[in-house]
Amino acid sequence: MGWMTRFLSAVVFLAIGVLFAPETFGSKSDGQHPPKLATFLKLAHLLCFSTAFGAALWVTFIGGIIMFKNLPRHQFGNLQSKMFPAYFSMVGVCCAVSVGSFGFLHPWKTASASEKYQLGFILAAFAFNLSNLFVFTPMTIQMMKERHKVEREANIGEEVGWTKNQEVAKVNPKLSAMNKKFGMIHGLSSLANIFSFGCLAMHSWYLAGKLDL
């Protein structure tokens, strides 16, 4: 199934959802925005937040771990080098839309303290993703490529896991130094990603309290 087919399928399901909830178009205004505009902004916020939160949950705690434990290490690294820029771009865009829609619905001058905190959480998630997209991820990819070259010279990297790398690093000072540098950069990237996920998780609690199911 092509990308356009999948996108159109999602649009069709969204349209069906609107048909089964026609009362949303007759809802009362919040006093600041037209009812249809408010509903559209809430939908944009909810879809973009849930996409960002779900993607972060999967990549951070599930998908990455499964791939690392089952793919040859160089293959895993090459895949991550293609996936992470797309991942951070998507989550960044979703956070930007969430910030814009939430900020429009809750202007700073009239927002409550809780709403200001929530806007801060989403802004922080957006900032952490930008730091990964433009700073840490390019540095990590470059360092990974350099280390792959050294590992190929030592005939390692096609195995699953870190065992051979650690064994060779004990007698190869160059690889040992690269491991330390890569670990530092990758650690900062992981930390930024965790902080971003944490900010989104805090906002999820706020949204849950607002739902009336």
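The values are calculated or read from the model by the stated rules, or taken from the named source; none is laboratory data. The model shown is predicted, which means the values in this text are computed figures rather than measured ones. Positions of Cβ are generated from backbone atoms using ideal geometry, with glycine treated the same way; all protein chains shown enter the neighbour counts. Remember, those area values only see protein heavy atoms, side chains included, never the ligands or the DNA or RNA. Shrake-Rupley method; radii C 1.70, N 1.55, O 1.52, S 1.80 Å.
Given the criteria within 28 Å of the chain's Cα centre (by Cα), open to solvent by 30 Å² or more (accessible area, probe 1.4 Å) and farther than 30 Å from Thr39 by Cβ, does Val168 qualify?
Working: within 28 Å of the chain's Cα centre (by Cα): no; open to solvent by 30 Å² or more (accessible area, probe 1.4 Å): yes; farther than 30 Å from Thr39 by Cβ: yes.
Spelling it out, it is not the case that Val168 is within 28 Å of the chain's Cα centre (by Cα), open to solvent by 30 Å² or more (accessible area, probe 1.4 Å) and farther than 30 Å from Thr39 by Cβ.
Any residue in region 89-106 that's touching a residue at least 24 places away in the same chain (Cβ under 8 Å): show its pairings with residues that are open to solvent by less than 40 Å² (accessible area, probe 1.4 Å) and in a loop (DSSP other than H, G, I, E, B) at Cβ separation under 8 Å, as long as the two are six or more apart or on different chains.
Phe104/His33; Leu105/His33
For Trp108, work out the one condition from (1) within 30 Å of Leu37 (Cα to Cα); (2) assigned to a helix (DSSP H, G or I); (3) open to solvent by 40 Å² or more (accessible area, probe 1.4 Å) it doesn't fulfil.
With (1) within 30 Å of Leu37 (Cα to Cα); (2) assigned to a helix (DSSP H, G or I); (3) open to solvent by 40 Å² or more (accessible area, probe 1.4 Å) applied to Trp108, the lone miss is (2).
Applying the selection to region 135-188, what residues are assigned to a loop (DSSP other than H, G, I, E, B) and polar (S, T, N, Q)?
Asn155, Asn172
Could you say whether any residue in region 116-124 is at pLDDT 95 or above, surrounded by fewer than 15 Cβ atoms within 10 Å (Cβ to Cβ), over 17 Å from Met178 (Cα atoms) and not hydroxyl-bearing (Ser, Thr, Tyr)?
Within region 116-124, one or more residues are at pLDDT 95 or above, surrounded by fewer than 15 Cβ atoms within 10 Å (Cβ to Cβ), over 17 Å from Met178 (Cα atoms) and not hydroxyl-bearing (Ser, Thr, Tyr).
One residue is enough: does region 199-207 have a residue meeting the conditions surrounded by 19 or more Cβ atoms within 10 Å (Cβ to Cβ) and within 16 Å of Thr60 (Cα to Cα)?
yes
Give the residues of region 120-158 that are out of contact with any Leu (no Cβ under 8 Å at 6 or more places or on another chain), under 26 Å from Asn193 (Cβ atoms) and among the acidic types (Asp, Glu), sorted by residue number.
Glu146
Which number in (1) at pLDDT 65 or above; (2) surrounded by 11 or more Cβ atoms within 10 Å (Cβ to Cβ); (3) out of contact with any helix residue (DSSP H, G or I) (no Cβ under 6 Å at 6 or more places or on another chain) marks the one condition that Thr39 misses?
The single condition Thr39 does not satisfy is (3).
Show the residue pairs meeting these rules: Cβ distance below 9 Å; 6+ apart or different chains; first residue within region 125-142 and without any contact (Cβ under 8 Å) to a residue 24 or more places away in the chain; second residue open to solvent by 50 Å² or more (accessible area, probe 1.4 Å) and part of a helix (DSSP H, G or I).
That search, which allows pairs on different chains as well, returns Val135/Leu188.
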